[in-house]
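Student: Sending over a structure as structure tokens; questions will come in a sec.
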Protein chains: 10
Amino acid sequence: MTKEDVTEMILSAKRTTGMKWEDIAEKIGMSPVWTHSAAMGMNAMPKDKAEAMVSVMGLPQEAALVLQEYPTKIWEQAVPTDPCVYRLYEIVGVYGPTIKTLIQEEFGDGIMSAIDFDMQITRVANPKGDRVKIEMSGKFLGYNSW
Amino acid sequence: MTKEDVTEMILSAKRTTGMKWEDIAEKIGMSPVWTHSAAMGMNAMPKDKAEAMVSVMGLPQEAALVLQEYPTKIWEQAVPTDPCVYRLYEIVGVYGPTIKTLIQEEFGDGIMSAIDFDMQITRVANPKGDRVKIEMSGKFLGYNSW
Amino acid sequence: MTKEDVTEMILSAKRTTGMKWEDIAEKIGMSPVWTHSAAMGMNAMPKDKAEAMVSVMGLPQEAALVLQEYPTKIWEQAVPTDPCVYRLYEIVGVYGPTIKTLIQEEFGDGIMSAIDFDMQITRVANPKGDRVKIEMSGKFLGYNSW
Amino acid sequence: MTKEDVTEMILSAKRTTGMKWEDIAEKIGMSPVWTHSAAMGMNAMPKDKAEAMVSVMGLPQEAALVLQEYPTKIWEQAVPTDPCVYRLYEIVGVYGPTIKTLIQEEFGDGIMSAIDFDMQITRVANPKGDRVKIEMSGKFLGYNSW
Amino acid sequence: MTKEDVTEMILSAKRTTGMKWEDIAEKIGMSPVWTHSAAMGMNAMPKDKAEAMVSVMGLPQEAALVLQEYPTKIWEQAVPTDPCVYRLYEIVGVYGPTIKTLIQEEFGDGIMSAIDFDMQITRVANPKGDRVKIEMSGKFLGYNSW
Amino acid sequence: MTKEDVTEMILSAKRTTGMKWEDIAEKIGMSPVWTHSAAMGMNAMPKDKAEAMVSVMGLPQEAALVLQEYPTKIWEQAVPTDPCVYRLYEIVGVYGPTIKTLIQEEFGDGIMSAIDFDMQITRVANPKGDRVKIEMSGKFLGYNSW
Amino acid sequence: MTKEDVTEMILSAKRTTGMKWEDIAEKIGMSPVWTHSAAMGMNAMPKDKAEAMVSVMGLPQEAALVLQEYPTKIWEQAVPTDPCVYRLYEIVGVYGPTIKTLIQEEFGDGIMSAIDFDMQITRVANPKGDRVKIEMSGKFLGYNSW
Amino acid sequence: MTKEDVTEMILSAKRTTGMKWEDIAEKIGMSPVWTHSAAMGMNAMPKDKAEAMVSVMGLPQEAALVLQEYPTKIWEQAVPTDPCVYRLYEIVGVYGPTIKTLIQEEFGDGIMSAIDFDMQITRVANPKGDRVKIEMSGKFLGYNSW
Amino acid sequence: MTKEDVTEMILSAKRTTGMKWEDIAEKIGMSPVWTHSAAMGMNAMPKDKAEAMVSVMGLPQEAALVLQEYPTKIWEQAVPTDPCVYRLYEIVGVYGPTIKTLIQEEFGDGIMSAIDFDMQITRVANPKGDRVKIEMSGKFLGYNSW
Amino acid sequence: MTKEDVTEMILSAKRTTGMKWEDIAEKIGMSPVWTHSAAMGMNAMPKDKAEAMVSVMGLPQEAALVLQEYPTKIWEQAVPTDPCVYRLYEIVGVYGPTIKTLIQEEFGDGIMSAIDFDMQITRVANPKGDRVKIEMSGKFLGYNSW
């Protein structure tokens, strides 16, 4: 049983039950972003969350072990084509140097961690058309000198 | 006088005056992210902001016209190498499909606009090490059927 | 049942019935461009159109659900090789900067949306050889300053 | 004197005179799309149009010869990064196979020429936000058998 | 039944019968280049030729329909590795600008069509070693101004 | 003095004298294709032809030495963008496997040389539009076994 | 039966019999380099050698026909990753311009053929560590002028 | 003074004196391959050879220091376009796996060093056309287990 | 039975037995790095180690032969995407020129071998967060002159 | 004054004084790896180290400011060609998955930081040939769940 297999099972159970990611996330007591990412095999679940997932989605017991495995994160398109994902890539292209400069002006030379990291996605009502809000938070890591 | 020339002048005046981007942004009444991006030539300034910029930074008058020109946005590295920018690219690779799914589950088929878009970067104090917070907000655009 | 499966079924029913895309489009009350694109799995169908498609093409009921799923739009050739598609790519290469300049001279800094977008393709009779006419229409989206 | 030099001169004269592309195009009796493209060095001008251009923009006489030279059309980004141009690339990626199918269903196996080709760009007023309209027209060319 | 299937059947029948491409071409009344290309699925056959092919090679009747379908022309190697094909690529690299210049000096700005196109390949006896002769002929297409 | 310098001088003299490549080729007693290619620095001239070129075009004596140097043949675009050159690339993509098969069916396993090679380009009058004819001839080279 | 199938059979028979490539080569009266290359499907065998191979390795009779087919030579990694193959690529990168210069200083403008070509690999004893010796020999081919 | 500068000086002195690489190599007591490579800046010269080079070619004294510097070896074309260099690349593509197999069958798992390496290039007379002979020799390096 | 098959078997046995790589390595008397690498098919095992592996993991006897085969080392991502592997790639990008300079200042022109090479990975306790220590050791190989 | 300018000055002063990187590093009280990297513009120096560098190397005062600027880390070759740097890239290709597995087996899912990172390079005497030792140490960063 591979992570791909478990992803398939989760998607299939999700279709059957009609749950949304928000529902699943709430039932296992985690955020929707992290829950979806782990379900897609892009993050590993701690034991208790993997077992909760198995129970919530009615998966076979072995799936709990697979959800705990540490994934090798692979994406095949260096430049993504899906318009919704491409827009994020475009934001990195256009605003990447700006983000770098403002982080480093505030914190010193270093980066925002993509490992000690979390993210939320929410809807913001707006009379001119509702907006998507993405909030990312990562630990600042400063360069070492030695 | 090109956008590159004006960027050079702004950076040079910034060094001389010791202002931070936050200071410059405040003086022209805009956010630091947008101010830096426009100063780098990745966004065009409305007339009043361009003139404020010229006055705040002591630029020649012609610079106000250049700051109002609509840029051609070019980045040369399809995959960025600078670690601070690469981490953002990595976030798109790892979490892109998750962001897409959660946006579309909430809003229907469509995207978060990267045009009708804004962003803030802030420091969040944390006992385990301060964190960088990036908040993006873009208008949801739904696919048309016709 | 995947979108690829449903595409296969539609193409097979189309071959059997001898309908053209124009006929199918008319029967579901949509344009040929959008109809074909959704049948290929590059657009999602609203519920009523998906059900009309199922009924017109004699597809199994489950296909209506699949046609409503939001696709991940992927194309594998960054530069297309098929001559008919390549010519469009070439037009973007040759005229892209011109289109950008004329849009922005008219509307201000921004883009033509590829999401709030529609297109028609028609034949124009011409004594020197008939011509293909492609009409694209997309909402203008202006860049934000903040 | 190269095509790049002449492009520079035209842009500079345009800035000085405040003419829009539409104005220049009208004065030389051609469309704005073609006029801009030829001014950018992506198309060659017939003798009378080159001379009109020189006269309208106040260019040196040698520029008329340069405008008549046949350009080598080069674009350096296989996938364009500027958002306004990228959206066109995206349209080719998403709708390319659809355009091919509908052209060939109507005309038989062949392509829309990108050489015997013309294009118009116009603004279409719309209460939900004005729209950009791009109309392309190219001669159908059928494949040979021999 | 796909074009790949029909290609397989033709190659298999060719092996069994011992016919050369020249023989097959002659029997269906077309040139060897076009016959091979259509058999490989890189060109569509008109109805009569498709039926002749089916009869000559002893293919099932459905193959005649498949041979008439309009192919999507795909090649996977942007730079071919097979030495015999690479040499052609090399000729385009070395002589491409020369061919362009001489065509345009003779005809004006434009191209040789690769659609309204034909080709012959013949052996030319030569005491220093026989030579391959490739003759290409394509309609000249002149750029439009509008 | 580099090959690029000599190319510049030849093009400049050509503009001044109004000679066509055909004229220049005839004066040095070579074909237009080879003459242009050598003038562009993609082939080396034998001593007598280099001296004829210098005399015909009124070049400085040192140019004759430069024209005799063996060039390093470089092209920067793996896939050419100029439409006139791209069509040739497309022909290699579409017909490359066909050319390979027909050469090898006639001659045995091997290639058409791109070194012991020559080419002619001519206009062929045609009531439906004149055609470009390209004739290539290269020595067949058979693979060795040892 | 494809070339891949025959390669599989040869490798399997080689494992069973414990023969080395040198042994196989000797038994069919050819060099080890060519024998291995043809067994891998990168060269075609003349009839007698193909039949010898079938007999030596105990292959089915059809394999002799397959070994005579002319291969399409494909390698998938433009830059090889296997260290033993990469070192050869590196030698071409470092010494390619040197090899070119020395060949052309000795022979005139032209190349070493990779078609009319042969190679030997031998061990050379050396007190500081034995050495691999690779000897390549290819016919010189001079550029044509015409 | 850079390695590029010294290469320029050597080439210029070589042109003036009419020496061949073989002559230069003999005068400094090294092989032509190594001498050319070091002159091109792709290898570093030991002190005595650098001083011999300076004396033989009449270079300024500083050049001896530059010739001793350790180069960063860079080639810009992952796939070389010059036909003479490409043929070597093609040999690596076609025969790379064969060379690997035969080396490893003889020596065990490992590689031929490209560092402890030497090469000779010679002409071999042949009635069917003289041949280029390239002899490479590199120390075998076996993989470690630990 | 391929190397992939054996890797599968080892991973499966490892899961069942709950051994860590350190345990397996100790049982076969080798280091964890080399043991894992060979188990993944990226290194060949000497006979005694292959047999120990078979015995420790309860593999079928044929696996011992497969573990001794010399692998072709292939990695498919020129730039790795997995964050843990990418960080190593980033270190090569940032510190590669530094490593080169310091090695060559100490040893002379040459390289650290990646063949006569070994590596250890250990945990280093640290009050600010434990650290990963990677120790690489490779034989220095100096460039030859000849 | 850019980072490139300061690098030039440091290299020039180093040549004049004959200091080795080890000497420079010792004088500013840092390691050779970090000192070289910062001198190359790939790391920023804290104020005191920048001033020490200026004093040790006799640089103009402005250089101290430049050495403190936060660099944008760019490398242009996705796959490095210099053999000494390539070997490091190869090690990442061959051993990357092994390093990942062993880190994660020891620490849990996460990475070795390339930011909170240090490295030493030393010579290890060895009777079979001295060895290069590279020691890397980076803080372990565990993935977050949220």
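The values are calculated or read from the model by the stated rules, or taken from the named source; none is laboratory data. All of these numbers come straight from a predicted model, not from anything done at the bench. Because the Cβ atoms are built from the backbone with ideal geometry, glycine has one as well, and the counts that use them run over all protein chains shown. Accessible surface is based on the protein model in full, side chains and every heavy atom, while ligands, DNA and RNA are left aside. Shrake-Rupley method; radii C 1.70, N 1.55, O 1.52, S 1.80 Å.
Student: Do we have G:Tyr89 as in contact with a Pro (Cβ under 6 Å, 6 or more places away or on another chain), among the hydroxyl-bearing types (Ser, Thr, Tyr) and not assigned by TED's automatic domain parsing to the domain that holds G:Trp34 here?
Tutor: yes
Student: Using beta carbons and a limit of 7 Å, which pairs, at least six apart or on different chains, have the first residue in the stretch B:49-65 and of a type in the set (A, V, I, L, M, F, W, C) and the second one open to solvent by 60 Å² or more (accessible area, probe 1.4 Å) and modelled with pLDDT under 95?
Tutor: So the pair list comes out as B:Ala63/B:Met1.
Student: Taking the stretch D:2-11 as the search range and keeping residues that are without any contact (Cβ under 8 Å) to a residue 60 or more places away in the chain and aliphatic (A, V, I, L, M), which one is surrounded by the most Cβ atoms within 10 Å (Cβ to Cβ)?
Tutor: Among them, the one singled out is D:Ile10.
Student: Pull up the stretch I:4-16, narrow it to residues that are more than 15 Å from the chain's Cα centre (by Cα) and within 14 Å of chain J (Cβ to nearest Cβ), then point me to the one that is nearest to H:Gly142 (Cα to Cα).
Tutor: I:Glu4
Student: Of all the residues that make up the stretch C:1-18, how many are basic (Lys, Arg) and more than 21 Å from A:Ser12 (Cβ to Cβ)?
Tutor: Qualifying residue count, the stretch C:1-18: 2.
Student: I'd like to check something: does the stretch A:12-22 contain any residue that is of a type in the set (Val, Ile, Thr), open to solvent by 40 Å² or more (accessible area, probe 1.4 Å) and part of a helix (DSSP H, G or I)?
Tutor: yes
Student: Which one of H:Tyr70, H:Tyr89 is within 29 Å of E:Tyr95 (Cβ to Cβ) and of a type in the set (Ser, Thr, Tyr)?
Tutor: H:Tyr89
Student: A further question follows. Identify all residues within the stretch A:35-57 that are hydroxyl-bearing (Ser, Thr, Tyr) and within 11 Å of another protein chain (Cβ to nearest Cβ); write none if there are none.
Tutor: Scanning the stretch A:35-57 gives A:Thr35, A:Ser37.
Student: Okay, moving on. From (1) touching a residue at least 60 places away in the same chain (Cβ under 8 Å); (2) within 9 Å of chain F (Cβ to nearest Cβ); (3) out of contact with any helix residue (DSSP H, G or I) (no Cβ under 7 Å at 6 or more places or on another chain); (4) not β-branched (Val, Ile, Thr), pick out the condition that doesn't hold for E:Pro32.
Tutor: The single condition E:Pro32 does not satisfy is (3).
Student: Continuing with this model, one more query. Being free of Cβ contacts under 8 Å to residues at least 24 places away in the same chain and out of contact with any strand residue (DSSP E or B) (no Cβ under 8 Å at 6 or more places or on another chain): is that true of F:Glu22 here?
Tutor: Taking the combined requirement at face value, the residue satisfies it.
Student: Does the stretch B:83-100 include one or more residues that are of a type outside the set (Val, Ile, Thr), touching a Cys at 6+ places or on another chain (Cβ under 7 Å) and closer than 30 Å to C:Tyr70 by Cβ?
Tutor: yes
Student: Hey, could you check the stretch G:108-141 for residues that are more than 7 Å from every other protein chain (Cβ to nearest Cβ) and either of a type in the set (A, V, I, L, M, F, W, C) or in contact (Cβ under 8 Å) with a residue 12 or more places away in the chain (or both) and say which is farthest from H:Ser113 (Cα to Cα)?
Tutor: Here the answer is G:Gly108.
Student: What about D:Lys133, is it of a type in the set (Lys, Arg), open to solvent by 40 Å² or more (accessible area, probe 1.4 Å), outside the structural domain of D:Ala38 (by TED's automatic domain parsing) and not in a loop (DSSP other than H, G, I, E, B)?
Tutor: The answer is yes for D:Lys133.
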